[in-house]
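Scroll down for the structure; my scribbles are underneath it.
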Amino acid sequence: LHFDIAFPTHDIEYMQRFSHGIQRTPLSDADLDIPAADEELINMTINFKHNDLQWDIYVKRDKGIRVRDVFEAIYSAFDRPLTLHEKNLIPLCLRAGCEQAFRLRCNLAPVLPIVQQRQGWKRVDTLLHQTIFRGLTQSKRGEDWTLNL
């Protein structure tokens, strides 16, 4: 599964390596509509911490949370512009890397780069290119989930 949280969820795909190259297959609606967990969930809290930044991602769906709901909530949480407080938490030594990640994201975005540039740095830019979804883990108590990138 290849989900780069810097880009919209319609770009999620399966990637399979073969000796002759890589085969890419988009996720189908059926793939995205399966339940997100073995037990039906209607509320889910996903924790994420990176350096001094920490965000909680809330997912809610009365008819049961699907994989689609989780992916969309993750993308939306990181697609938000940084607040001044969040920007001030970024160490000075990492700001050049954030700027580089920002410029790359703007150039690769499915809209004109200027549209993204006007929105400024987003949460995803603080991840410094570590934006590939590696799954969720749940605490042993079975409560909150942790986002792994």
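The values are calculated or read from the model by the stated rules, or taken from the named source; none is laboratory data. Remember, it's a predicted structure, so these values are computed and weren't measured experimentally. Ideal geometry is used to build each Cβ from the backbone, glycine not excepted, and the neighbour counts take in all protein chains shown. For the accessible areas, the whole protein counts, side chains as well, though only heavy atoms, and no ligand, DNA or RNA atoms are used. Shrake-Rupley method; radii C 1.70, N 1.55, O 1.52, S 1.80 Å.
Some values worked out for this structure:
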item: Tally of residues being closer than 17 Å to residue 122 by Cα and open to solvent by 20 Å² or more (accessible area, probe 1.4 Å) across segment 43-72; result: 7
item: Filter result for the condition that a residue is over 18 Å from the mean Cα position of the chain (by Cα), surrounded by fewer than 13 Cβ atoms within 10 Å (Cβ to Cβ) and of a type outside the set (D, E, K, R), over 142, 135, 97; result: 142
item: Residue, nearest to the chain's Cα centre (by Cα), within segment 105-128, restricted to residues that are in a helix (DSSP H, G or I) and touching a residue at least 40 places away in the same chain (Cβ under 8 Å); result: 124
item: Selection from segment 11-29 of residues that are under 28 Å from residue 111 (Cβ atoms) and loosely packed, with under 13 Cβ neighbours inside 10 Å; result: 15, 22, 23, 24, 25, 26, 28, 29
item: Elements of type strands (runs of 3 or more DSSP E) contained in segment 1-66, each with 2 or more residues being in contact with a Leu (Cβ under 8 Å, 6 or more places away or on another chain) and in contact (Cβ under 8 Å) with a residue 60 or more places away in the chain; result: 43-50, 53-60
item: Complete set of residues in segment 4-22 that are at pLDDT 90 or above and of a type in the set (Ser, Thr, Tyr); result: 9, 14
item: Sole residue being crowded, with 17+ Cβ neighbours inside 10 Å and over 21 Å from residue 12 (Cα atoms), chosen from 114, 90; result: 90
